[in-house]
Amino acid sequence: MAEEEKNITINRKVRHEYTILQSYEAGIVLQGTEVKSLREGKASMVDSYAQIKNSEVWLVGMHINPYKQGNINNHEPTRTRKLLLNSSEIRKLIGKVTEKGLTLIPYRLYFKNGRVKVELVLAKGKKVYDKREDIRKRDFQREQERRVKY
C-alpha cells in the first residue's frame, strides 16, 4: 500500500537561516478543530521551534487558525503542542540539542495516511557570510541556466 503525503505548510525560512544536519518525523497531538483547520491549510510555522522538557518534545509558536465553523470549544491558535517521538530518538535529541549552537525547528507539516506529521530538523544557525555565499551560488546557478536556455 502506497503512503500518501500531502503538504500542509513548509517553513521556507529554515533553509535560508539554518544549516540542516538531520531530520526526524514526529506525530503531533491535536484537538479536533485543529485537524479541520489544517485540512483547509490554515497553519503557519514561522518563528516556531521545538523544545525538550521532562523527556518530552513540545512544539512552541506554531499558529493554526481557529476553525471558522467551530463553536466555543474551538482551539487556541498558538498553544504549545506535544510532539510524538520514540524515547530513543528523544534521548539522541537531548544529547545533540545540549551541544553548542544546535536547535530543533519544524520544517514541514503534512498529512501521511490521514495523520498529521511534523518534519523536525536538527539545525545550526548560519552566519551572515554563509547566507551571502548561498545567495551568490543561487544567482550564479540562475545565470548559468539562462545562458544554456538561449
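Throughout, read-outs are computed from the coordinates displayed, never taken from laboratory work. Keep in mind it's a predicted model, so treat the numbers as computed, not measured. Ideal geometry is used to build each Cβ from the backbone, glycine not excepted, and the neighbour counts take in all protein chains shown.
What the table shows:
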read-out: Chain lengthening between residue 5 and residue 22 when straightened (0.36 nm per residue, less Cα-Cα); value: 4.1 nm
read-out: Cα centroid separation, the stretch 109-133 to the stretch 1-78 (Å); value: 12
read-out: Hits among aspartates and glutamates - C-alpha to C-alpha of residue 112 under 13 Å, sequence gap 8 or more where chains match; value: 3, 4, 5, 25
read-out: Helix axis angle, 128-149 relative to the chain longest principal axis, alpha carbon, degrees; value: 70
read-out: Dimensions (Å) - the chain, Cα atoms, principal axes, largest first; value: 57, 40, 35
read-out: Cut-off of 10 Å, at most 10 other beta carbons, DSSP loop: longest stretch of the chain lacking such trypsin sites (Lys or Arg not before Pro); value: 1-99
read-out: Cleavage-rule hits, GluC sites (Glu not before Pro), the stretch 52-148, DSSP coil, Cβ neighbours within 10 Å at most 13; value: 99
read-out: Residues in the stretch 123-150 reached by a label modelled at residue 46 [backbone nitrogen below 19 Å; 7 Å Cα→Cβ]; value: none
read-out: Efficiency of FRET between residue 76 and residue 124 - r from beta-carbon atoms, R0 25 angstrom, step 0.05; value: 0.20
read-out: Spin-label model distance (nm) - residue 15 vs residue 86, 7 Å beyond Cα toward Cβ; value: 2.9
read-out: Label-point separation, residue 39 to residue 115 (7 Å along Cα→Cβ), nm; value: 1.8
